[in-house]
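Report on one structure; see the data block that follows.
FYI, it's all coordinate maths here, none of it is from the lab. Computed from a predicted structure; not experimentally measured. Here the Cβ positions follow ideal geometry from the backbone for every residue, glycine too, while neighbour counts run over all protein chains shown.
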């Protein structure tokens, strides 16, 4: 096995607290965004997408949207990354 394996991304999924959730529209359908997928890319940058389901309910798709530039969402991403790092360190016995 290589001593430096290629990692394409590290990812965490974060539940958006109800107070921070928002809605967005695609193809005339309104979605409530409830989850963030945060990926740490090989170059050290983060890529974040929001996911949600149709507000009207039903069997609509789980659709991705861009994340608005809001300080409280940036803080949520930072706190989630710190928590994920702590969980990983504990798992590794560090």
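Counting other C-beta atoms within 10 Å, which of 87, 76, 40 has the fewest, and how do the rest follow? Intermediate values should be presented prior to the final figure.
Values: 87 11, 76 20, 40 16.
Fewest to most other Cβ atoms nearby, the residues stand as 87, 40, 76.
Pick from 78, 56, 11: which is most flexible by mean-square fluctuation in a GNM of the chain where alpha carbon atoms under 10 Å apart are linked?
The residue that fluctuates most here is 56.
Looking at (i) 2, 8, 9, 8, 7, 6, 8, 13, 18, 14, 5, 1; (ii) 2, 12, 19, 20, 17, 12, 8, 5, 3, 1, 0; (iii) 3, 16, 23, 24, 17, 10, 4, 2, 1, 0, which value of P(r) over Cα pairs in 5 Å bins from 0, in percent comes from a calculation on the structure shown?
Only one option fits the structure, namely (ii).
On a full-extension model of 0.36 nm per residue, what is the gain between residue 4 and residue 37, subtracting their alpha-carbon distance, rounded to one decimal in nm?
9.3 nm
Along the Cα→Cβ direction, 7 angstrom out, place labels at residue 70 and residue 48. What is the inter-label distance in nm?
If labels sit at residue 70 and residue 48, their model points lie 1.1 nm apart.
Within a 10 angstrom radius of the beta carbon, how do 51, 62 rank from fewest other beta carbons to most? Don't skip to the answer; put the middle values down first.
Details: 51 17, 62 11.
Going from least to most buried by this count: 62, 51.
With n ≥ 4 as the cut-off for DSSP H runs, can you work out [θ] at 222 nm for the chain, using -39500 (n - 2.57) per run divided by the number of residues, rounded to the nearest 500? List each step's numbers first, then the result.
Details: 1 runs with 22 residues, N = 94.
It lands at -8000 deg cm²/dmol.
Where does helix 71-92 land angle-wise versus the long Cα axis of the chain, in degrees 0 to 90, nearest 10?
Roughly 40 degrees between the two axes.
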